[in-house]
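Below is one structure; the comments refer to it alone.
The values are calculated or read from the model by the stated rules, or taken from the named source; none is laboratory data. Computed from a predicted structure; not experimentally measured. Methodologically, a virtual Cβ is constructed for each residue, glycine included, from the backbone with ideal geometry; neighbour enumeration extends over all protein chains shown.
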Ligand SMILES: Cc1cc2nc3c(=O)[nH]c(=O)nc-3n(C[C@H](O)[C@H](O)[C@H](O)COP(=O)(O)O)c2cc1C
């Protein structure tokens, strides 16, 4: 018989809960979110509290933590410009994208600093990056503040996908081939994972 460790999240320190939960919910897709500030500076940061939220409408969700109440540059720019680009993280770009997590001042561009190449978007002002094989151009629909123990500590961003750009080299018979995209997922701590064995299941009719 299995025995379980059962933990009430109200009883533990938020840092401990963070370490536990990011190891429990894995692997998570990683998005490099690129935005443009009112000052014209291009901002980029990775986010793994990220997923597809719906297909009709085509929406993504991103959870962005506040730093002692202060909004991260990404949320500020999304709030002000209502636009952002999701650049999917893969084995070829993960190293450079990982570096963009460092907190630079709002006047400094992570893209420039870490050698990522901005590329124009078609439907939004924010640029994507050339190093991503898939880019989703998104318009902000909702920013929902989230409270923890009586204080707003994070925001849930919901964005509608307006356009998808796919590197043709990852298409096989018109479909995205997982073996060519080589997406990377986030695990606990500082760990990432590459796609391992693919398990194909048929659904009962
Ligand atoms: C792989 C990875 C995933 C991350 N995921 C998130 C996330 O989902 N939410 C979040 O608030 N911060 C996340 N971070 C931290 C942000 O990237 C970091 O705070 C960054 O400096 C924010 O940049 P900005 O101030 O330019 O928005 C992650 C960091 C890494 C390396």
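Has the stretch 20-32 got at least one residue that is farther than 26 Å from residue 113 by Cβ, in contact with a helix residue (DSSP H, G or I) (Cβ under 9 Å, 6 or more places away or on another chain), surrounded by fewer than 17 Cβ atoms within 10 Å (Cβ to Cβ) and modelled with pLDDT of 95 or more?
Yes - at least one qualifying residue is present in the stretch 20-32.
Any idea which residue in the stretch 109-133 is nearest to the chain's Cα centre (by Cα), counting only those that are surrounded by 19 or more Cβ atoms within 10 Å (Cβ to Cβ) and more than 16 Å from the ligand (Cβ to nearest atom)?
133
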